[in-house]
Amino acid sequence: MSILNAKPVVLAALAASALVMAVSMAFNDKRLCVVCRVYPVSPEYTVTCSFTCIQIFCQRGSGDPRMCDVCHRHPKRQGQQQCGDECAGVTNVACLICKSRPKDGRHDLCSLTCKKVAMILAPCILEVPRGHTIYDMVEGKFKRAWKNKSSPIPVIKRVFKIIENEEFQKPYELYRVDLAKATGAFGVGVYTSSASNKAYSYCKPNGALLLNKVVLGRVRHVSGWNEVMSCPPGYNSVIFERMDGILNETILYCDDAIRPVFLIIF
């Protein structure tokens, strides 16, 4: 091959190298979106430029698995998922949707933007990483509610946050207790327990359990089976503190009074 024939190839190689360098520089430029890498970052959309890009980002990240799981701009440290101590410090308090900013106080997400993205993705479950403050909260609730001291507390393997939207909720909300088959020691109802050991007794060793939020309203306390067979007039729920609460039975008579919040895997 002559020098003249080789020259265009060399120039092409240099051009390709320059293009790679330009893309790399753009990716590390904190002013540019980590998804499209074209438009400036908007503070409203964390490390992206628009709602379109933040949706893509929340589902698959920046698209480069070599980059830090938090800032998505710098390479991960060897053997780690983050680029340095600063980003590593965010992971235990990170928003469960974008994972790039700390969550907002007691909430699971960082902003209304991430809440909007969550509603688009819903219904879905988001895994809560071990060591995250939310994981610790769920695990702590389960352990504190374990009232059977003679039985060891099972090890939680995974925790998932349940994200619901209106469409997902609608069939649940339309359900009526009076359409259900009349079963249960206290009549037709939603049977729950404030004792995690009681709830776990319905699981298999590799089973799952839901941590729910409930509205008890006015509570009727009973002392024996079949004392009531429906929701007593003037009350909203029934509690049977069986064995001094070790085998607590809490019965709700309206499905709107309970919603799942976390899924626990054993």
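The numbers here are math on the coordinates, done by the rules we state, and not lab data. In this text the structure is predicted, and so the values were computed from the model without any measurement. Cβ: placed from backbone, ideal geometry, glycine included. Neighbour counts: every protein chain shown.
At-a-glance table
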{"item": "Net charge of neighbours whose Cβ lies under 15 Å from the Cβ of ASN226, counting Lys and Arg as +1 and Asp and Glu as -1", "result": "0"}
{"item": "Given LYS103/LYS198; LYS161/LYS204; LYS116/LYS147; LYS99/LYS198, the pairs whose alpha carbons are separated by over 29 Å", "result": "LYS103/LYS198; LYS116/LYS147; LYS99/LYS198"}
{"item": "Ranked GLU227, GLU166, criterion: other C-beta atoms within 10 Å, fewest first", "result": "GLU166, GLU227"}
{"item": "Per-residue ³J(HN,Hα) for region 63-73, Karplus 6.51 cos²θ - 1.76 cosθ + 1.60, θ = phi - 60°, Hz, x for Gly and Pro", "result": "x, 10, x, 7, 8, 3, 6, 9, 7, 6, 10"}
{"item": "Burial ranking of peptide ranges 238-246, 186-194 (average Cβ count within 10 Å, highest at the top)", "result": "186-194, 238-246"}
{"item": "DSSP-defined beta bridges in region 139-265 - what % are antiparallel, rounded to 5", "result": "80 percent"}
{"item": "Average Cα contact separation per residue, region 139-265, under 8 Å, 6 or more apart, as relative contact order %", "result": "36 percent"}
{"item": "Cα-centre dipole for region 139-265 with unit charges at Cβ (Lys and Arg positive, Asp and Glu negative), debye to 20", "result": "580 debye"}
{"item": "Cleavage-rule hits (trypsin sites (Lys or Arg not before Pro)) in region 36-67: DSSP loop, at most 13 neighbouring Cβ within 10 angstrom", "result": "ARG66"}
{"item": "Mean Cα-pair separation over length for region 31-120, i.e. relative contact order, pairs under 8 Å, 6 or more apart, %", "result": "19 percent"}
{"item": "Net charge, CYS68 excluded, C-beta distance under 12 Å - Lys, Arg +1, Asp, Glu -1", "result": "+1"}
{"item": "Sequence-distant aspartates and glutamates (8 or more away, or on other chains) whose Cα lies within less than 13 Å of LYS213", "result": "ASP255, ASP256"}
